[in-house]
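Scroll down for the structure; my scribbles are underneath it.
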Amino acid sequence: MQYLRDLASARELLANLTLRDIRGQYKRTILGRLWSLVSPLSSMLVYSFVFYFLLRATPDPGDPSGLHIFAVWLLCGLLPWSFFSGALSASMNSIVGGASLITKVYFPRVVLPISSVLTMGYNWLFEMGVLVIVLCAVGGWGVILWLPLVAVFMVVLAAFATGVGLILAIANVYFRDTQHLVSILLQIWMYLTPIIYPPSLVQVQSDRIGGLFGTNVTVMNIYESNPMFHFVSVFRNLMYDQRWPDPADVLACIAWALVALVGGFLMFTRKEKRLAEIL
Amino acid sequence: MTETAVHVDSVSKKFRLYHERNQSLKSAIMRRKISVHEDFWALRDITFDVPVGSTFGLIGSNGSGKSTLLKCLAKILYPEHGSISANGKVAALLEVGSGFHPELSGRENVFLNGSILGMSRKEIQRKFDDIVSFSGVEQFIDQPVKNYSSGMYVRLGFSVAINVDPDILVVDEVLAVGDAEFQQKCFQKFEDFKAAGKTVILVSHSMGTVKQMCDHAAWINKGNLELVGPADPVIAAYEATYPHQG
């Protein structure tokens, strides 16, 4: 309880640290905040060229929106993913990076990883805003009706990222390997999530192979155990298809977010007091 | 009997001296353990009370554990045994300008640093003019702090910290900042503090400072409390162990 009260009183600190990062991020650049759009745009171009133009991955048209544009379909999954992976890396490095503060001032340490997630979230909000404009421009006006739900799931994904980020932040203090390992794992994770290809391709292969090792477990079952699978599906349903997401996906997202958040906080609070010593 | 501001109750703090520290997973797995270490007690069973309204000096030679004790008081480190209970809001001044972002202006950094030190936005707004005029950098307050001279940087950081207005202020040797005029201002501020009935806990190597400012002192030697009480006898006892410097 005391901990939660401390956290509540650190609200302003959280806001100020986040503002510091947001303001400091693109200082002395000519393009400023536009830089945060450049990275998803360049990935969009590369992936569209390789996977759509060369390899001919064709996702189903949006149902019922009728949208049939690979680049837009891609962005609906890519933007949540790049937020997630950016938030994980940033919160993982926040404690080691904030060592000078931690060893000199007392404040609830959890503020540091949370403010890194919020900074990433701010950029993501900006990117999603641009995506909504693009969706409207190509005829997907309906997305506007779904914006409240999109916002809710943005919060759920941020909660999931925070939980995992808290665990990684602690792990990184003990073993600096974590940051290198995670950057590789994130890359693998991205390709194991239906971001640049439709999940139907996995389904086809899964049906062809059938149960693995004489069990009923198929490739698809394993594939769907990835929490990001469900998040990406929900964002695509809401923004590209513009319909209610599958309740199973919704439940999976919320459950993963809760588990990660509770686990992250438990681990973080257990180790928090010794951080100043170990850093 | 005066009231106590801080009650330090048999505090012990242990550090681990690592003979090998495996900060990579590979070595941790290969050797099947994270580290080989032995314990080092930086503080052993320290007990004393700091009376309300006093200026309390912690003295001792290098490596005696006084900074460790200060960090325990500031809640940065947590003691293995014992407890520290403070009667009021504690602010620690172990470093000036914590969390300053070089690209942001002095104004933005005052708000940032203030909230790191636990001030609310309204509080900072109310004290903003005091902070700026105390630091003497009015003219440059909207410039990025990376363009500040090191003196200006430290003065601004110190001004924020001194305006936190805690009941108990914990200070490491940061008094040696700024020019003579600024130091004079700082001493004045500590005097005001004292006059307002606030408690100051100070760590210093400079016996002159301690003599001038403190009315109570504790002498720590190799993690043990040697002597605690009114400042003059404690300082005399401490200095007696270094006859050459006397």
**Message:** Please compute the length gained on full extension between residue A:259 and residue A:145, using 0.36 nm multiplied by the number of residues separating them and subtracting their Cα-Cα distance.
**Reply:** 38.1 nm
**Prompt:** Just from its helices, what would the mean residue ellipticity at 222 nm be for the protein assembly as shown, if runs of 4 or more DSSP H residues each count -39500 (n - 2.57) and the sum is divided by every residue, rounded to the nearest 500 deg cm²/dmol?
**Reply:** -17500 deg cm²/dmol
**Asked** Separation between the residue B:105 and residue A:136 pseudo-spin-labels, each 7 Å from Cα along Cα→Cβ, expressed in nm?
**Response** 3.3 nm
**Prompt:** Counting only DSSP beta bridges with both residues in the protein assembly as shown, what percent are antiparallel, rounded to the nearest 5?
**Reply:** 60 percent
**Message:** For a Förster distance of 30 Å, can you work out the FRET efficiency between the beta-carbons of residue B:61 and residue B:125, rounded to the nearest 0.05?
**Reply:** 0.10
**Added length on full extension, which subtracts the Cα-Cα distance from 0.36 nm per residue, residue A:49 to residue A:152** = 33.9 nm
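Enumerate by residue number the trypsin sites (Lys or Arg not before Pro) in the stretch A:148-238 meeting two conditions: DSSP loop (anything except H, G, I, E, B), and at most 15 other Cβ atoms within 10 Å of the site's Cβ.
Here the trypsin sites (Lys or Arg not before Pro) that fit, given the DSSP loop and packing criteria, are A:176.
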**Message:** Below 8 Å, C-alpha to C-alpha, sequence gap of six or more: please give me the relative contact order for the stretch B:141-246 in percent.
**Reply:** 18 percent
**Prompt:** Where the eigenvalues come from the Cα gyration tensor of chain B, what are the semi-axes √(5λ) of the equivalent ellipsoid, largest first, in whole Å?
**Reply:** 32, 27, 17
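How high is the FRET efficiency from residue B:27 to residue A:60, r the C-beta distance, R0 60 Å, rounded to 0.05? All intermediate terms of the calculation are to be shown ahead of the outcome.
On the way: r = 50 Å, r/R0 = 0.83.
With a Förster radius of 60 Å, E is 0.75.
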**Asked** So what is the relative contact order for chain A, in percent, with contacts set as C-alpha pairs under 8 Å and at least six apart?
**Response** 27 percent
**Request:** Give the distance, in whole Å, between the Cα centre of the stretch A:81-112 and the Cα centre of the stretch A:168-230.
**Result:** 26 Å
**Prompt:** What is the ratio of the Cα radius of gyration of chain A to 2.2 N^0.38 Å, where N is its residue count, to two decimals?
**Reply:** 1.07
**Request:** Could you list which residues have their amide H under 5 Å from that of residue B:43, counting only those 5 or more apart in sequence or on another chain, with H placed in the peptide plane?
**Result:** B:13
**Prompt:** What is the Cα centroid distance between the stretch A:46-75 and the stretch B:135-210, reported in whole angstrom?
**Reply:** 61 Å
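Calculate the FRET efficiency for residue B:41 and residue A:71 from the Cβ-Cβ distance with a Förster distance of 41 Å, rounded to the nearest 0.05. The partial results should precede the final answer.
Working: r = 64 Å, r/R0 = 1.55.
Computed FRET efficiency for residue B:41 and residue A:71: 0.05.
Counting only DSSP beta bridges with both residues in chain B, what percent are antiparallel, rounded to the nearest 5? Walk me through the intermediate numbers first.
On the way: 25 of 41 bridges.
If I count the DSSP bridges inside chain B, around 60 percent turn out antiparallel.
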**Prompt:** DSSP H helices in chain A with Cα extent of 18 Å or more along the helix axis and mean Kyte-Doolittle hydropathy at least -0.5?
**Reply:** A:11-25, A:35-47, A:70-97, A:111-137, A:143-174, A:177-191, A:247-271
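Which of the residue pairs A:271/B:71; B:146/B:185; B:13/B:71 have a Cα-Cα distance greater than 22 Å in the structure shown? Please list the in-between numbers first.
Working: A:271/B:71 18 Å; B:146/B:185 24 Å; B:13/B:71 11 Å.
Among A:271/B:71; B:146/B:185; B:13/B:71, the Cα-Cα distance tops 22 Å for B:146/B:185.
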**Message:** For a 22 Å ceiling on Cα separation, which of these pairs sit above it: B:14/B:75; B:194/B:222; A:27/A:104?
**Reply:** B:194/B:222; A:27/A:104
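Taking the highest mean first, how do the peptides B:108-121, B:82-95, A:40-53 order by number of other beta carbon atoms within 10 angstrom per residue? Each step should come with its number before you reach the end.
Details: B:108-121: 22.4, B:82-95: 17.8, A:40-53: 15.1.
Packing proxy ranking, top to bottom: B:108-121, B:82-95, A:40-53.
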**Item:** Those lysines that a straight Cα-Cα span of less than 20 Å connects to residue B:122, excepting residues fewer than 8 apart in one chain
**Value:** B:89
**Reachable aspartates and glutamates from residue A:273, criterion Cα separation under 16 angstrom, eight or more residues apart if same chain** = A:6, B:80
**Fill in**
Long-range amide H partners of residue B:226, meaning residues 5 or more apart or on another chain whose placed amide H is closer than 5 Å, are B:219, B:220, B:221
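Since every read-out is calculated from the coordinates, none of them should be taken as a lab result. This is a predicted model, so every value here is computed, not measured. Cβ: placed from backbone, ideal geometry, glycine included. Neighbour counts: every protein chain shown.
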